[in-house]
Amino acid sequence: MTSSDLTSLPDDAKARAGDRVGSSLDPVELAPDSARSFRVGFACAEFNGGITDRMLTAALDELEDAGCDLGSTIVAWVPGAFELPLVARGMAASGRVDAVVALGAVIRGDTGHYDFVAGECASGLQRVQLDSGLPVVFGVLTTDTVEQALVRSLPDETNKGAELARTALHTVAVLRGIEGLAVGSRVGFTVGGR
């Protein structure tokens with residue numbers, strides 16, 4: 001996940017860091033059994049809902065491919081992106097999810113509405129994440145045109161929904177790994193040390 005080949009993480013970066021530090025957490029591959037226990041909630045915006053739907057479909061496919069039990073997945077629909085932080089907060093507080101993915105699309109128009117909605121949505125979701133201690137993945141496309149949003153939600157490997165689901169699973173796994181360090185369990189993680 002990068003914006004340019006020039007900014008890609010070098011192939012040996014994690015190994016080099018792991019060789020120099022006491023513990024290096026990197027879920028190399030989520031085992032289907034561990035991913036099965038991950039519970040993900042989706043807060044989805046109805047405004048620009050066709051784009052949200054395409055990302056949600058790809059995200060659910062990704063969770064299923066990772067071995068997640070979709071029976072424990074929650075999907076909640078709200079009117080627009082501005083309402084996403086409140087619903088994400090409710091999901092995080094419920095104790096029924098390990099991560100929340102907020103999905104939507106805010107497309108620039110002729111007014112300043114875009115700046116207020118996109119910025120406040122991002123700030124609100126970050127606040128929920130930090131206050132709750134759960135991953136809250138920002139899956140709100142912020143584009144200049146409808147065409148850009150459609151390209152980012154195509155039903156193929158470039159769909160941002162799949163990437164967002166992977167981000168949620170990866171972050172949950174890292175947090176569980178950090179918790180495991182406290183009790184000595186490091187299963188499924190690259191552990192380096194001097």
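Bear in mind these aren't lab numbers, they're just calculated from the coordinates by the rules spelled out. These figures come from a predicted structure and were not determined experimentally. FYI the Cβ positions are ideal-geometry reconstructions off the backbone, even for glycines, and counts take in every protein chain you see.
The charge dipole of the chain, taken about the Cα centre with unit charges on the Cβ atoms of Lys, Arg (+1) and Asp, Glu (-1), comes to about 740 debye, rounded to the nearest 20.
Kindly express, to the nearest 10 degrees and within the range 0 to 90, the angle between helix 160-183's C-alpha long axis and the longest C-alpha principal axis of the chain. Helix 160-183 and the main axis of the chain meet at about 40 degrees.
For the chain, the mean residue ellipticity at 222 nm estimated from helices alone is -15000 deg cm²/dmol, where every DSSP H run of n ≥ 4 contributes -39500 (n - 2.57) and the total is divided by all residues, rounded to the nearest 500. The length gained by stretching the chain between K14 and E46 to full extension, at 0.36 nm per residue less their Cα-Cα distance, is 7.6 nm.
Could you tell me the relative contact order of the chain? Use alpha-carbon pairs under 8 Å, at least six residues apart, and round to a whole percent.
Computed value for the chain: 31 percent relative contact order.
Out of [x] 12.5; [y] 10.2; [z] 11.9, which label holds the value of mean projected area of the Cα convex hull in nm² that was computed here? Identified label for the calculated read-out: [z]. Stretched out straight at 0.36 nm per residue, the stretch from D110 to Q126 would grow longer than its current Cα-Cα span by 3.1 nm. Inter-label distance, L181 to S23: 0.5 nm, where each label sits 7 Å from its Cα along the C-beta direction.
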